Amino acid sequence: MQVMQSMDTALKDTTDRIRAASADGTPLRIRGGGSKDFYGNRLHGELLDTRGLSGVISYEPTELVVTVGAGTPLAELETLLAERGQCLPFEPPHFSWSGSTTATVGGMVAAGLSGPARASAGAVREYVLGLHMVNGLGQELVFGGQVMKNVAGYDVSRMMVGSMGTLGLITEVSLKVLPVAPLEATLVFPLDQTRALECLHRWGGQPLPLNASCWVHDDTASAGPQDLLFVRLRGAVAAVEAACKKMLTEQPGLRMDNAQAQADWTLCRNQQLPFFKRPADANMALWRLSLPQTAPVLDLPWAQLVEWHGGLRWLWAPVEAGPQLQAAAGAQDGNATTFVASYADSTRARGQFGTQNPVQMAIQQRLKHSLDPKAIFNPQRLFDSF
């Protein structure tokens, strides 16, 4: 009861603030814990802090549904779920690179980012059942609900995923959760990228409980630099054990200690592996290449880390390499975007989410005008034009 009263007070204060901003055209910068301040274009506007909208509104473990305030710390929600043997299967990253930042549930939805299990378990959007939001006129809106089939027409609740706060302020979210898998195992294989992708494509066509994969050139190994493919399996005990035996028979490798493997996957999820350490060259940016899983090795001069069974490829490259990377990704029906800007572009790479499709951009602009007609929310965070 106290949580609800606190959230009601915070919601009223926040809504009043939005109405005042709408009246005088004051831009607002929506922010939870600040863990994703690095992501997207420049930050503009007066701070609108969502952390007062924090707390568990309802949790039905037997129904696999939880509803929480948008300002709820993500770690707090995951701890609650773990106590009941449940989880967020898409493994949202926390990006706690600084002790002063804390990921929130609202930021998780607004950013739309998923972790290592994305290719197998699905994305954030697939687990959002419904949400409450405040639009740019200070009106409180409700979309979706607490069951999977609850939408007729435009699914605004899932449309908010990845919108980077440009369409409205998310105030509470209902999420589908799943039980933790009975067994987890991680296998590691010494393979170059070409051979690793071949193995992933072959295993992906078989009834194996593949959950996540990560290929990387490891410079920190005691035996010297080597190319390694890590594959995580999750599922029923019999299925995981049978898959481990089959895969290790087909391809020589090792089964990792579970405690060490889990720690490594957490580092991968939060981009804290050695690969993600910023290079000394101030002009280097972290690029994110989204490709079909079956795309071959790209002919690029920069080292890569490959996730999602080949569908996500990370690399540090100069900002000016953008056209080359976009051309390489485009040739495989994919795309390349700047994820972490270089030191030389500390205000973010401009237009990183821009689309070349005028029809898509026109739809984005109409959505923006419908939900935020005064354009007060997170201006230019997603697109240069609004």
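The value of relative contact order for the chain, using C-alpha pairs under 8 Å at least six residues apart, is 20 percent. Quotient of the Cα radius of gyration of the stretch 105-214 and 2.2 N^0.38 Å, N being its number of residues: 1.38.
In terms of Cα atoms, the Rg and Dmax of the stretch 1-51 work out to 12.9, 39 Å. Against the compact-protein benchmark of 2.2 N^0.38 Å, the Cα-based radius of gyration of the stretch 1-132 scales to 1.11. Relative to the dominant Cα principal axis of the chain, helix 74-83 is inclined by about 60°.
The calculated Kirkwood hydrodynamic radius for the stretch 264-332 is 12.7 Å, given to one decimal from all distinct C-alpha pairs.
Relative to the Cα centre, the charge distribution of the stretch 23-71, modelled as +1 at Lys and Arg Cβ and -1 at Asp and Glu Cβ, gives a dipole magnitude of about 260 debye. Solvent-accessible area assigned to carbon and sulfur over the chain amounts to 54 percent, based on a 1.4 Å probe.
Specify which residue in the list 206, 379, 80 is farthest towards the positive end of the charge dipole of the chain, using unit charges on the beta carbon of Lys, Arg (+1) and Asp, Glu (-1), about the Cα centre. It is 379.
Each residue of the stretch 268-283 was assigned a 3J(HN,Hα) from its phi angle through the Karplus curve 6.51 cos²θ - 1.76 cosθ + 1.60 (θ = phi - 60°); the sequence is 5, 4, 9, 6, 10, 5, x, 4, 8, 5, 4, x, 5, 5, 5, 8 Hz, with glycine and proline shown as x. Residue 363 exposes around 70 Å² of accessible area when a 1.4 Å probe is run over every protein chain in place. Solvent exposure of the chain amounts to 44 Å² per residue of accessible area, where only protein heavy atoms count and the probe is 1.4 Å. Under the convention that each Lys and Arg Cβ holds +1 and each Asp and Glu Cβ holds -1, the size of the dipole of the chain around its Cα centre is about 500 debye. Each residue was assigned an accessible area with a 1.4 Å probe, and for residue 192 the value is about 80 Å². Taking the inverse of the mean reciprocal distance over all distinct Cα pairs, the Kirkwood hydrodynamic radius of the chain comes to 22.1 Å.
The values are calculated or read from the model by the stated rules, or taken from the named source; none is laboratory data. Please read these numbers as outputs of a predicted model, since none were measured by experiment. Every residue, glycine among them, receives a Cβ derived from its backbone with ideal geometry; neighbour counts consider all protein chains shown. With ligands, DNA and RNA removed, areas are computed over all heavy atoms of the protein, side chains included. Shrake-Rupley method; radii C 1.70, N 1.55, O 1.52, S 1.80 Å.
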